[in-house]
Amino acid sequence: MTPDQAPAPRSHDFQQRPLSVAEARVLGTLMEKARTVPDSYPLTLNALVTGCNQKSSRDPVLQLPDALVVEAVENLRQLNLVLETSGGRVTRYEHNIMRAVGVPSQSAVLLGMLMLRGPQTAGELRLNTERWYKFLDIASVDAFLEELQDRALEKGGPLVVKLPRAPGAREQRWAHLLCGPVDLSAVHSATAPTGTGATEDDVIALTRRVSTLEDAVALLQDQLQNLHKELGLSQPGQG
């Protein structure tokens, strides 16, 4: 079943404690890999750690130890945001955000990207989520964001917020609220255009190529670690 074919979320209230940085990274990574590498999803712990710690398409870049990822997964399971699957030789994990939070897949895509890459404009979100979901235009992105911002208090309240315009920025950025209120003093100003002359299509094509290579490397690392485990060999990098 693909993410767009997932059952519609049940209508129920969602209220929870703020997520930690590690929990948000784990949840966002599972949401990303469900759409970009569906053949290897749900993820093993090894693949999940690799995805959390990859250096591109992440802001900030983290280096989460295995133990912290395991703790985050368990906490997310208790919140019904992550499910554990069995039946194979290794335990695998998948996200459950659409049902747990009660949002459509398009809104979940935006929340996932905000968790992985921090505050972004609607245009940046449309570009960055291109491999996850193809939004028709920036206006459609704005519509889903505004819906998330206007979420009724009886359903748990807003899930995103539109930030004040940064000095020198043309567009306002959006941030998620799953980790609690946004600390505006810690939010970096938007990066200015580099003037390389690249078109949006060029950037999309390059982003797709880099992400595809990253996913392939993560899959190969996961398979190599599983092979070492089956053969009783030490894990790569452990002597």
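The values are calculated or read from the model by the stated rules, or taken from the named source; none is laboratory data. Keep in mind that this is a model prediction, so the values were computed, not measured. Cβ atoms come from the backbone with ideal geometry, glycine included; neighbour counts cover every protein chain shown. Just the protein is used for accessible areas: all its heavy atoms, side chains included, with ligands, DNA and RNA removed. Shrake-Rupley method; radii C 1.70, N 1.55, O 1.52, S 1.80 Å.
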Search result, residues across the stretch 27-49 that are among the charged types (D, E, K, R) and either in contact with a strand residue (DSSP E or B) (Cβ under 6 Å, 6 or more places away or on another chain) or surrounded by fewer than 20 Cβ atoms within 10 Å (Cβ to Cβ) (or both): Lys33, Arg35, Asp39
Out of Ala100, Ala108, sole residue that is within 15 Å of the chain's Cα centre (by Cα) and either assigned to a helix (DSSP H, G or I) or within 29 Å of Ala143 (Cα to Cα) (or both): Ala108
Some residue of the stretch 133-141 being open to solvent by less than 80 Å² (accessible area, probe 1.4 Å), closer than 23 Å to Val101 by Cβ and assigned to a helix (DSSP H, G or I): yes
Looking only at the stretch 70-95, and only at residues there that are open to solvent by 80 Å² or more (accessible area, probe 1.4 Å) and of a type in the set (S, T, N, Q), the one that is farthest from the chain's Cα centre (by Cα): Ser86
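Matching residues to (1) modelled with pLDDT of 90 or more; (2) more than 21 Å from the chain's Cα centre (by Cα); (3) part of a loop (DSSP other than H, G, I, E, B):
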site	(1), (2), (3)
Arg151	yes, no, yes
Pro164	yes, yes, yes
Gly168	no, yes, yes
Leu178	yes, no, yes
Ser185	no, yes, no
Ala190	no, no, yes
Thr194	no, yes, yes
Ala198	no, yes, yes
Ala205	no, no, no
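Yes or no, residue by residue, for (1) over 16 Å from Leu19 (Cβ atoms); (2) of a type outside the set (A, V, I, L, M, F, W, C):
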| site | (1), (2) |
| --- | --- |
| Thr44 | yes, yes |
| Cys52 | no, no |
| Val61 | yes, no |
| Arg89 | yes, yes |
Single residue of the stretch 17-68 satisfying the filter (small (Gly, Ala, Ser) and touching a Ser or Thr at 6+ places or on another chain (Cβ under 9 Å)) that is nearest to Arg89 (Cα to Cα): Ala47
